[in-house]
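A short worksheet on the structure shown next.
The values are calculated or read from the model by the stated rules, or taken from the named source; none is laboratory data. Just so we're clear, the structure is a prediction, and the values are computed from it rather than from any experiment. When we count neighbours, we look across all protein chains shown, and the Cβ atoms used for this are built from the backbone with ideal geometry, even at glycine. Each accessible area value is taken on the protein alone, full model and side chains, heavy atoms only, with ligands, DNA and RNA left out. Shrake-Rupley method; radii C 1.70, N 1.55, O 1.52, S 1.80 Å.
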Amino acid sequence: MSFPASTKVCVIGAGTMGSGIAALLANLGFQVTLLDQTAASAKAGLDRARNMRPPHFYSANHAESIRVGGIDENLDWVREADWVCEAIIEKLDAKKNLYALIEPLVRPEALVSTNTSGLQIELLIEGRSDDFCRKFVGTHFFNPPRYLKLLELIPTSRTDTAILQNYVEFLEEHVARRVVLAKDTPGFIANRYGMWSMFHATHIAEKLQLPIEAVDAITGPFLGRPRSGSFRLNDLVGMDIMVDIAANLRERCPQDPRTDALATPKSIEFLLSQGHLGAKSGMGFYRKEGKELLALDLTTHAYRQQLPVSIPSLEKFAKMPLGERIRATLTERDEAAEFLRLYLIPTLRYAEELRAEISHSVEDFDRVMMWGFGWEMGPFALIDAIGRDALGWSEAPPNFQGKEQLDFTGIYVNRKVEPQFATIHEFPVTETGEGFNVRDLGDGVRAITTTTKMGTYNPAVCRALTAWLNGTTGPLVLTSEAKHFSLGFDLRVFSEAMAAKDMDMVNDGLLALQGLADTLSKKQVVAAIFGYTLGGGLEMAMGCPQVIAHSESMIGLPEVRVGLLPGGAGTCELRRRAGSNLKLIAHYAKSAMSGAVTTNAFEGFGLGYLRASDVIAPHSDRLLHDAKQLALNLQVQEPAKWEMPEGPLVGVVDRVIDELKTGSDWAPYDEHVCEAIKWTMTKPGTWTEAVAREREEFVKLCQHGNTVLRVQHMLDVGKPLRN
């Protein structure tokens, strides 16, 4: 019972979660049917998913691929499904009644699951046949499924263990999930502990009468958590959802002495009384008014302008490793220290109290909080990193020791071995160079990984990489050790050259960048891109014979925003990819002239950044593994020839410029930059002439005052100057 990505899935329930799951599966290429009470209500649910922000779908085509129908007329479609994924209202009787209807329709080899954030799975299968029960599990997808990779998988006592393993493999390989097996306890791991943590933070903030923006500063990246912190997270989840989950947990966990923390905080009571549910209602702990984001005062319950946050610990310790900065903060006397003593220490203690009841291991517990809530460390790794003495606790063995973890009997056991999910830092460094490492991925494949800030390139890195590549053979993966593949070429190089009026320095830098792209094109190398992949970074990826891009990659050539054209052979490569097709030449010229950056990797195909032979990787954690497999099988081909079309080439590109002029984002100097792109794409008759022309036009732009202003403005404030 393990299916490929062409699986037919029937999602029943077109509410928030059902439509989100359907969107995820359609994005991944599944054949998806979405059923609700009626075809009209299913269509309404799909339409809501289309309009969600952030978007659920990669493209309109993915949304249009979903077939919608009604339980009243189309329930027989269940017979076609390889996987029936039920996601209706979270009420026990409603789900059980539905199973009675679909059980006769489910094919013997099909899988059946219920999506729930906390219902007891064992109760749902009462009265069902052995065959139905052996292939039935609970799933807890996280909302929105497109962006949150965690899936808690909950078997019942009657789930077949072999089928359960097939579920895990199927969900991890084809549904781009990281699966954690959870026990069938109230709220599973995520809501039982995560929701308690959210409520507890709110109660402590009210007790200390701290401004919510100060609490968010403490509980955001400083605490190794997302920028949303505590109160923005509350707004994202929604006050009504929080209170419903908390009430359910208090009712179902009467033996837990800590559920008092799940009582509704006064601030949430007030917001609910006003109908302010959070982000979905436009008002919660924060309220947007024009361009300003107002904050709720926890004492007066009035909205006010945000207060500046100045907490000594945050400024003194921010650059320390996570465990060290928390340890140091706990010794201080400021607001951060007081908050962490009252919030964090009990939160970590609660994890220790709950672990055996709700999870199978401390590693599973930590993974839920990292993958579902975006924590840098789960509670048990954080306890080890801070040190029990700093928490005021008695000594005990660490939770993690090398490749082992402490089980609930006090014995060290091996941690999971999952080579397909290995991160770049887990592979040994065999060589180092200027701004890069070489790591051994195994099976004869090596990774070239940039080590510069944000994966940026500069002339020294380009020359060092080119020299190394010229001295090696064999399959390679080009990637980065930063949080993003690359933010492009280091603008400071050109800024310094402009200030010194040293155009030879500019030309030499471009020669190094173009030379690296040319060298990459001749090697057995796959670029594994993720996050921001911009400018010179994208040009290096485009130079590689193949690219594998994580689906959420934001890729583009935004050089026009700083008064330049793509100068690492990117302008030329777009033109070469268009061949002699005038329509494509115009379209790809527009990509460069508009500085278009994608919101997801799929958009890269239409803009010319990705070729038909390039690959999308929906699973960020498998990107490196999949890139390695591609590199092993890569056959390097000769680059396409530079072709001259028949017809009014210059006129076609002129029309692109005229079209861009009518846009609201057009700035006067853009025309000058677009002319440079136009001549690079239209005048050369060969590839050699084209890259020379690209450098020539780039150097000219560097001598223009408006380019100088744009580059300096970007370096100073991080935003484009529209002069």
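More than 44 angstrom separation, counting every C-alpha pair in the chain; what % is that? Above the 44 Å cut-off, the chain has 32 percent of its Cα pairs. Across segment 384-453, the fraction of Cα-Cα pairs farther apart than 15 Å, rounded to a whole number, is 68%.
If the chain linking Asp184 and Arg158 were pulled fully straight, counting 0.36 nm for each residue of separation and taking away their Cα-Cα distance, it would gain 8.1 nm.
Take the Cα gyration tensor of segment 134-257, multiply each eigenvalue by 5, square-root it, and list the three semi-axes largest first, rounded to whole angstrom. Square roots of five times the eigenvalues give 32, 19, 10 Å.
For the chain, a simple Cβ point-charge model (Lys and Arg +1, Asp and Glu -1, everything else neutral) yields a dipole of about 840 debye relative to the Cα centre. In order along segment 486-498, the Karplus-derived 3J(HN,Hα) couplings, from 6.51 cos²θ - 1.76 cosθ + 1.60 at θ = phi - 60°, round to 5, 8, x, 7, 5, 4, 4, 4, 6, 4, 5, 5, 5 Hz, and Gly and Pro are given as x. Between the alpha-carbon centres of segment 653-680 and segment 380-431 there is a gap of 55 Å. On a 25 Å Cα-Cα criterion, which of the cross-link pairs Lys96/Lys135; Lys590/Lys719; Lys583/Lys678; Lys523/Lys700 come out too long? Pairs exceeding the cut-off: Lys523/Lys700. Taking amide H as placed 1.01 Å from N in the peptide plane, the amide H of Leu298 sits under 5 Å from that of Ile212, each at least 5 places away or on another chain. Overall, the accessible surface of the chain at a probe of 1.4 angstrom is composed of carbon and sulfur to the extent of 52 percent. Residues of segment 533-555 falling in the label zone of Glu496, defined by backbone nitrogen less than 20 Å from a point 7 Å along Cα to beta-carbon, are 536-537.
By the gyration tensor of its Cα atoms, with a ≥ b ≥ c the square roots of the eigenvalues, what is the shape of segment 599-683: rounded for a/c under 1.5, prolate for a/b over b/c, or oblate? Because a/c hits 1.5 or more and a/b fails to exceed b/c, segment 599-683 counts as oblate. Ordering 174-183, 433-442 by mean Cβ neighbour count within 10 Å, with the highest value first, yields 174-183, 433-442.
Expressed as a whole percent, the proportion of Cα-Cα pairs in segment 288-388 lying more than 24 Å apart is 41%. With the highest mean first, a sort of the peptides 640-651, 667-678, 155-166 on other beta-carbon atoms found within 10 angstrom per residue produces 667-678, 155-166, 640-651.
Helical runs assigned H by DSSP (4 residues or longer) give the chain a calculated mean residue ellipticity at 222 nm of -13000 deg cm²/dmol, each run adding -39500 (n - 2.57) before division by the residue total. The Tyr147 and Asp504 beta-carbon pair, evaluated with R₀ = 41 Å, returns a calculated FRET efficiency of approximately 0.35. In the chain, a dipole from Cβ-located charges (positive for Lys and Arg, negative for Asp and Glu) runs towards its positive end, and of Ala295, Phe373, Trp642 it is Trp642 whose Cα lies farthest in that direction. Judged by the gyration tensor of its Cα atoms, with axes a ≥ b ≥ c, segment 336-483 is prolate; a/c meets the 1.5 cut and a/b is the larger of a/b and b/c. Under the criterion of Cα pairs below 8 Å and six or more residues apart, the relative contact order for the chain equals 8 percent.
With a ≥ b ≥ c the root eigenvalues of the C-alpha gyration tensor of segment 567-723, is it rounded (a/c under 1.5), prolate (a/b larger than b/c) or oblate? Taking the square roots of the gyration eigenvalues as a ≥ b ≥ c, segment 567-723 is oblate.
The convex hull around the C-alpha trace of segment 14-96, projected and averaged over every direction, spans 5.3 square nanometres. Taking the DSSP beta bridges with both ends in the chain, the antiparallel portion is around 40 percent. When the Debye formula is applied to the Cα atoms of segment 240-331, each taken as the same point scatterer, what base-10 log of I(q)/I(0) results at q = 0.19, 0.24 Å⁻¹? The calculated log intensity ratios at q = 0.19, 0.24 Å⁻¹ are -0.96, -1.02. Average accessible surface for the chain: 41 Å² per residue, computed with a 1.4 Å probe over protein heavy atoms with every protein chain in place. Inter-label distance, Gln637 to Glu434: 3.4 nm, where each label sits 7 Å from its Cα along the C-beta direction.
Taking the average, over residues, of other Cβ atoms within 10 Å as the packing measure, peptides 541-553, 237-249 rank 541-553, 237-249 from highest down. In the frame of its principal axes, segment 399-522 has Cα extents of 70, 33, 18 Å, reported largest first.
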